[in-house]
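Worksheet for the structure shown next.
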Amino acid sequence: MIPRFLNGLYWAEAILAVTAFSGVALALTADVVGRELFGNGIYGAQKFAVYCTAVAGMTGFALVVAKGGHLRPKFFDRIVPAQYEAQANRIADLAAAAICIFLGIYALQFVYSSYQLQERGLGLNVLVWPIQSIIPYVLLSSALRYTLFALSPANRPAEEGFDP
C-alpha cells in the first residue's frame with residue numbers, strides 16, 4: 001500500500017512540475033513571438049513564467065526527495081559503523097521529516113498571512129497565496145515521505161547523486 005501511495009504521489013507531483021515548466025515555455029515563447037511578429041509582448045507573460053518556475057522548482061524538491069537524490073552530509077558515513085547504517089538512516093529520515101514539518105508549519109503561517117492581507121503580485125494583479133501554497137505543500141509532502149521511509153525502510157529509495 002505504501003509503495004503504491006508513494007508512486008501515485010510522485011507521479012502527481014511530476015505532472016505538476018511538467019505542467020508548470022510547460023507554462024514557462026509557452027508563456028515565454030508566446031511573449032517572444034508577440035514581440036517579434038507584432039511588436040508587443042504578452043502582458044504578464046514574464047511574471048506568469050516566474051510564478052510557474054517557482055512552482056516547478058519547489059515541486060522539484062519533493063521529486064528529489066522521492067528519488068533519494070537529496071544532498072546530505074556524507075561525513076557520517078565514515079563515523080557510523082556499517083552494522084548501524086539502517087538505524088542511522090531511520091534517524092536521518094526522522095530528522096529530515098522534523099525539519100520539513102517545522103518549515104512547513106512556518107510556510108503555512110506565511111501563506112496564511114498573505115491570504116489574510118490579500119497580497120497581490122506586482123507584475124500581475126493576482127493573489128499570490130495560491131502560488132505560495134506550493135511551499136508548505138512540498139515541505140509537508142516531503143515530511144510525509146521521510147516519515148514513511150523511516151517507518152518502512154524498504155520504501156526508502158536508493159540514494160542517487162554524485163560521489164567524487
Could you go through the stretch 4-20 and let me know if any residue there is modelled with pLDDT of 95 or more, in contact with a Cys (Cβ under 7 Å, 6 or more places away or on another chain) and over 16 Å from ALA158 (Cα atoms).
yes
Unique match (being touching a residue at least 12 places away in the same chain (Cβ under 8 Å), polar (S, T, N, Q), crowded, with 19+ Cβ neighbours inside 10 Å and on the phi < 0 side of the Ramachandran plot) among THR59, THR53:
THR59
Residue check: is ARG35 at pLDDT 90 or above, loosely packed, with under 15 Cβ neighbours inside 10 Å and of a type in the set (D, E, K, R)?
yes
What are the residues in the stretch 100-124 that are surrounded by 14 or more Cβ atoms within 10 Å (Cβ to Cβ), at pLDDT 95 or above and among the aliphatic types (A, V, I, L, M), if any?
ILE101, LEU103, ILE105, ALA107, LEU108, VAL111
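Yes/no per residue for (1) in a helix (DSSP H, G or I); (2) out of contact with any Lys or Arg (no Cβ under 8 Å at 6 or more places or on another chain); (3) hydrophobic (A, V, I, L, M, F, W, C); (4) more than 30 Å from ALA143 (Cβ to Cβ):
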| site | (1), (2), (3), (4) |
| --- | --- |
| LEU26 | yes, yes, yes, yes |
| ARG35 | yes, yes, no, yes |
| GLY41 | no, no, no, yes |
| ALA49 | yes, yes, yes, no |
| GLY57 | yes, yes, no, no |
Would the stretch 76-94 turn up any residue that is buried (at least 17 other Cβ atoms within 10 Å of the Cβ), small (Gly, Ala, Ser) and within 26 Å of ALA20 (Cα to Cα)?
no
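The values are calculated or read from the model by the stated rules, or taken from the named source; none is laboratory data. As the structure is a prediction and not an experimental result, all values here were calculated from the model. Heads up, the Cβs are rebuilt from the backbone with ideal geometry, glycines too, and the neighbour counts pull from every protein chain shown.
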